[in-house]
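The values are calculated or read from the model by the stated rules, or taken from the named source; none is laboratory data. Note that the structure is predicted; figures quoted are calculated from it, not measured. Because the Cβ atoms are built from the backbone with ideal geometry, glycine has one as well, and the counts that use them run over all protein chains shown.
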Amino acid sequence: MQNIEFIQKLTIPKELKERFPVSEETGKIKEKRDAEIRKVFTGESDKFLLIIGPCSADNEEAVLDYISRLRTMQDKTADKLIIIPRIYTNKPRTTGDGYKGMLHQPDPSKAPDLIEGIIAIRQLHAKAIEQTGLTCADEMLYPENYRYLDDLLSYVAVGARSVENQQHRLVSSGIDIPVGMKNPTGGDISVMMNSITAAQHPHMFIYRGWEVRTKGNGLTHAILRGYTDKHGRNLPNYHYEDLARLCDAYAQTELKNPAAVIDTNHANSGKAYLEQVRIAGEVLHSRRHNSDIRSLVKGLMIESYIEDGSQKISDCMTYGKSITDPCLGWEKTERLILDIADQL
């Protein structure tokens, strides 16, 4: 291990939670929201999920501003939608280069500081609940870090590059909120289905220096995000035929609570972020046309922020504009949310 420099020992989750505790009111909000979201996946509720927000959470002020706007939209559409803001604080990088998220860099213009990053992401998730009453989603890029946020999150995503990893699957089996497993970048949905199966079963394994046992997570489900073929071309998997095939794949299993969330960006849009509006409309049309697809597709995942597009990190950045993948701006987002509600 001579090529690894051990910089500083990180605080353990228990210590961080004692330093930044969750209030009784915040705990009650999360409990209520978790129950509402759970009912969507078990089929007890026919509300539709919108897991929506920036590609990466890079600025606390702008993210909280954005989520406060989502709060207004949640109030307007509460009879049909449950909005789960994306606060993605860990950013996977295909080549390892680029901004890795708030966990690494609480301030994108400064050097990485992971202790400050862990504190920053816990505080951001807590403030979102305290200020808006909305519990949020994050990506589980590092399974060992989940416990820093497990008393704050209402939804977890496992990314396309992580879905085949054994530790992600095993830790997901011990989580008691919905975990969405994305199809891998190569598009093989059997990999995703195997991941869901593994996460729905109980396991014993090593986690954070402990021997642990899990009960299995029956709320683990599929996320279709498109894929890349052998020639490097982005190809979608949100069309009617893709959704019908996923229905068939689930029918061949004994998985609990068959469910899917459709990611409208990434390879499904070819990162042409404006296409998200059209893609959302097509998915909703497929749900109206086929009762099995309607039952299976529980929601959409949408990349959205205050300003359209994306920007590079610089000394003069536009407030509320993504520094990673391009996102829909607020005006388009507001119209899209209302349109989705009207179509349900």
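Tell me, yes or no, whether segment 244-251 has at least one residue that is of a type outside the set (Gly, Ala, Ser) and in contact with a Lys or Arg (Cβ under 9 Å, 6 or more places away or on another chain). Before you say what the answer is, go through the steps one by one.
We begin by selecting, within segment 244-251, every residue of a type outside the set (Gly, Ala, Ser); these are 245-248, 250.
Restricting the remaining residues to those that are in contact with a Lys or Arg (Cβ under 9 Å, 6 or more places away or on another chain) gives none.
Looking for residues that are of a type outside the set (Gly, Ala, Ser) and in contact with a Lys or Arg (Cβ under 9 Å, 6 or more places away or on another chain), one finds none in segment 244-251, hence no.
MET102 meets all of the listed conditions (1) of a type outside the set (Phe, Trp, Tyr); (2) part of a loop (DSSP other than H, G, I, E, B); (3) within 22 Å of LYS47 (Cβ to Cβ) but one, namely (3). Among (1) more than 22 Å from ILE37 (Cβ to Cβ); (2) assigned to a loop (DSSP other than H, G, I, E, B), which single condition is MET204 missing? Checking MET204 against (1) more than 22 Å from ILE37 (Cβ to Cβ); (2) assigned to a loop (DSSP other than H, G, I, E, B), the one that fails is (2).
If you go through segment 255-276 and keep only what is out of contact with any helix residue (DSSP H, G or I) (no Cβ under 9 Å at 6 or more places or on another chain), in a loop (DSSP other than H, G, I, E, B) and either closer than 26 Å to GLN200 by Cα or modelled with pLDDT of 95 or more (or both), you end up with ALA272, TYR273.
Within segment 310-329, residues that are without any contact (Cβ under 8 Å) to a residue 40 or more places away in the chain and closer than 23 Å to SER269 by Cβ sit with their Cβ atoms under 9 Å from residues that are surrounded by 14 or more Cβ atoms within 10 Å (Cβ to Cβ) and among the acidic types (Asp, Glu), at 6+ positions apart or across chains, in these pairs: THR318/GLU307; LYS321/GLU307; LYS321/ASP308; GLY329/GLU307; GLY329/ASP308. Residues in segment 139-178 that are of a type in the set (Asp, Glu) and not in a loop (DSSP other than H, G, I, E, B) were compared, and the one that is farthest from LYS298 (Cα to Cα) is GLU144. Could we say that MET181 is in a strand (DSSP E or B), more than 19 Å from the chain's Cα centre (by Cα) and either at pLDDT 95 or above or acidic (Asp, Glu) (or both) here? Criteria not met by MET181.
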